[in-house]
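J.: Supplied in structure tokens, the structure appears directly below.
Laboratory data are not the source of any read-out in this text; all were calculated from the coordinates shown. These numbers were taken from a predicted model, which means no experiment stands behind them. Cβ sites come from the backbone with ideal geometry, for glycine too, and all protein chains shown count toward neighbours.
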Amino acid sequence: MSNRYILAALIGLVAGITGGLFGIGGGIVVVPGLILFLGLLPHRAHPTSGAAIVVTAGAALSRFAVDGSVDWPTSLALFAGAGIGAVLGARVIDRISAEWLTWVFVSMLVVSAVRLLIPDQAMESESFVASIDLTLGALAGLLAIGAVAGLLAATLGVGGGIVFVPTLAALYAVDQHVAQGTSLAAMVPTTIVAAVVHGRAGRIDWRVSSAVGVGGIIGGLAGAELALGLDPLLLRRLFAGLLVLAAIRMLAGRGRRSRVQEQTAT
């Protein structure tokens, strides 16, 4: 195995640990890693990341499911909306500039982090719920959230977890462990839909994606095991910090790529 694929597997390992720990697919690690260390362009890195997330998130989900930390009806509602959003996003990605993709990605990370850090009644009383009562209003809200997450998953390759987890934990007062397990349950079929569309369009580097996935399976199981042993409120704050760090990393990478393009032009 070449150094390129070894590096991809290591990126997957780190992404898997991060994804399992925080209930996300790991795209916030994979996408910058593929762009900054393997030299993939954003329009190639995002779909390749999304394909790897299928197995990375699946590994972490299996551990949360064994623990009973998954709200399956809620995950189905999120997936129903996300499937539509994922197909739409995969079809419009070629019309979106790499610059715009980066800024949307960073903005989304920062907004999610701020919402998680704002104290609310559920945080102060620690009165979290294990499942959402699926009233008509709640169902409509979950479908809308899923559609937004699916669109972002297809265009940004981040799996939708950075939308699902903050929404379930902060807006619906779902227990952090359950929010993360439910996020993964909705994310796996969503990323499968996006991967199929991107694969047919030839946007995925399957060798790199497979190497990332191998490392991601190991990391996902380890990260999920670690998450289930941590206090939910601590996980919530750590998740917010992770989003901020990812945003800073992407902005730093953007500056580096801009300097390289300027040097090449001259």
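J.: Separation between the SER131 and TRP72 pseudo-spin-labels, each 7 Å from Cα along Cα→Cβ, expressed in nm?
T.: 1.0
J.: Find how much the distance from ARG200 to ASP231 grows on full extension, using 0.36 nm per residue of separation minus their present alpha carbon separation; answer in nm with one decimal. Display every interim value, and only then the final one.
T.: Values: separation 31, 0.36 × 31 = 11.16 nm, distance 4.21 nm.
Length gained, ARG200 through ASP231: 7.0 nm.
J.: Hey, another quick one. Could you sort the peptides 45-52, 102-109 by per-residue average Cβ neighbour count (10 Å cutoff), highest mean leading? Numbers along the way, then the final one.
T.: On the way: 45-52: 30.9, 102-109: 18.1.
Sorting 45-52, 102-109 by mean packing, highest first, produces 45-52, 102-109.
J.: I've got another one for you. Mean 1/r over all different Cα pairs, inverted: what Kirkwood radius does the range 4-48 give, in Å?
T.: 10.3
J.: What list of ³J(HN,Hα) couplings, whole Hz, do you get for the range 211-224 from phi and the Karplus terms 6.51, -1.76, 1.60, once you set θ to phi - 60° and write x for glycine and proline?
T.: Per-residue couplings from phi come out as 5, 4, x, 4, x, x, 4, 5, x, x, 5, 5, x, 5 Hz.
J.: Peptides 160-169, 198-207: what's the order by average Cβ count within 10 Å, highest mean first?
T.: Values: 160-169: 28.7, 198-207: 15.8.
Put in order of decreasing packing, that is 160-169, 198-207.
J.: Based on the Cα gyration tensor of the range 54-113, what are the three equivalent ellipsoid semi-axes, each the root of five times an eigenvalue, rounded to whole Å and given largest first?
T.: Rounded to whole Å, the semi-axes are 28, 16, 12.
J.: Quick one: compute a quarter of the convex hull surface over the Cα atoms of the range 3-265 and quote it in nm². Don't skip to the answer; put the middle values down first.
T.: Working: hull surface 51.1 nm².
Averaged projected area of the range 3-265's Cα convex hull equals 12.8 nm².
J.: While we're here: Along the range 173-187, what does the Karplus equation 6.51 cos²θ - 1.76 cosθ + 1.60 (θ = phi - 60°) give for ³J(HN,Hα), rounded to whole Hz, x for Gly and Pro?
T.: Once θ is set to phi - 60°, the couplings for the range 173-187 become 6, 7, 3, 4, 4, 5, 4, 6, x, 5, 4, 5, 5, 6, 6 Hz.
J.: In terms of modelled amide H atoms, which long-range or inter-chain residues lie less than 5 Å from the amide H of VAL129?
T.: For VAL129, the qualifying residues are VAL174, ASP175.
J.: Remind me, relative contact order of the range 3-265 in percent, using alpha carbon pairs under 8 angstrom and six or more residues apart?
T.: Value for the range 3-265: 41 percent.
J.: Hey, can you grab everything whose amide H is under 5 Å from the amide H of ASP205? Only 5+ residues off in sequence or another chain; H modelled, so Pro and N-termini drop out.
T.: For ASP205, the qualifying residues are THR48.
J.: Continuing with this model, one more query. About the Cα centre of the chain, how large is the charge dipole given +1 on each Lys and Arg Cβ and -1 on each Asp and Glu Cβ? Please answer in debye to the nearest 20.
T.: It comes to approximately 1140 debye.
J.: Which whole-Hz couplings ³J(HN,Hα) result when phi for each residue of the range 77-85 is put into the Karplus expression 6.51 cos²θ - 1.76 cosθ + 1.60, θ = phi - 60°, listed in order with x for Gly and Pro?
T.: 5, 5, 5, 4, x, 5, x, 5, x
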